[in-house]
Amino acid sequence: MGDKNIKIHRAIFLLSLLKANNSEPIIGRTKLEKLLFLIRNDILDDTPFKEGYYFFEPYKYGPFTGEVLDDVLLMEDFGYLKKEKSGENPVYKITQQGIDKVNQIYQNLPKNIYKQLTEIDGKIETLKKEKNKLSLRNLLTYVYQRYPSYTINSEIRHKVLTY
């Protein structure tokens with residue numbers, strides 16, 4: 001079948017994360033980064049969608065990629081998400097236009113790809129329910145303990161791991 005030629009842009013997973021759990025907002029860029037990292041390593045690892053997904057590297061606060069910010073800005077320009085402020089932290093929310101776009105993309109996919117993505121969305125839903133409610137420190141501790149190879153350049157590793 002020609003399904004091997006279908007490319008799913010990584011931003012669909014950003015929008016799916018924001019749509020999950022009744023479109024619950026995500027507070028803070030670091031939390032958004034870590035949740036997308038967990039999607040890559042815990043959910044997409046054994047799927048064809050891992051190819052072309054965000055490429056994370058060990059950085060100052062653990063796994064990081066500038067590609068997330070690029071996609072946030074792009075999706076914001078398209079009107080699919082909005083970024084608000086809550087104190088010092090940005091708050092990321094999907095818009096109705098973003099929800100409609102995800103639904104439109106899914107409806108136009110071949111059935112087998114649609115089925116795979118809806119299964120992945122179920123896992124993203126669970127991940128967001130469990131991890132978005134954690135404090136940033138607890139989320140970092142979870143990520144640092146689970147993926148120590150991504151903490152080698154961290155400036156806060158000692159603080160996080162001795163918490």
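Read the figures in this text as sums done on the coordinates, not as results from a lab. Small disclaimer: the values here were computed from a predicted structure and weren't measured. In this analysis, Cβ positions are derived from the backbone assuming ideal geometry, glycine residues included, and neighbour counts consider all displayed protein chains.
Report, in listed order, any pair from Lys83/Lys159; Lys50/Lys93; Lys34/Lys111; Lys82/Lys111 with a Cα-Cα distance greater than 26 Å.
In this structure, Lys83/Lys159; Lys34/Lys111; Lys82/Lys111 lie more than 26 Å apart at Cα.
Evaluate the charge dipole of the chain about its Cα centre and quote only its size in Debye, nearest 20, assuming +1 on the Cβ of each Lys and Arg and -1 on the Cβ of each Asp and Glu.
Here the size comes out at about 380 debye.
Under the Karplus relation 6.51 cos²θ - 1.76 cosθ + 1.60, θ = phi - 60°, what is the ordered set of whole-Hz ³J(HN,Hα) values for region 93-109, x standing for Gly and Pro?
3J(HN,Hα) across region 93-109, in whole Hz: 9, 7, 8, 4, 4, x, 4, 4, 5, 4, 4, 5, 4, 4, 5, 9, 8.
Measuring from label point to label point, each 7 Å out along Cα→Cβ, what is the Ser23 to Asn89 span in nm?
2.1
Starting from region 100-156, pick out the trypsin sites (Lys or Arg not before Pro) whose DSSP state is loop and whose Cβ has at most 11 other Cβ atoms within 10 Å.
On the way: sites: Lys101, Lys111, Lys115, Lys123, Lys128, Lys129, Lys131, Lys133, Arg137, Arg146; in loops: Lys133.
Those that pass, being in a loop and sparsely packed, are Lys133.
Using the basic label-point model (7 angstrom from Cα toward the beta carbon), what is the Gln104 to Asp46 distance in nanometres?
Placing both labels 7 Å beyond Cα along the Cβ direction yields 3.5 nm.
Restricting things to alpha carbons, tell me how big the chain is in terms of Rg and Dmax, in Å.
Considering the chain through its Cα atoms, Rg and Dmax are 15.8, 51 Å.
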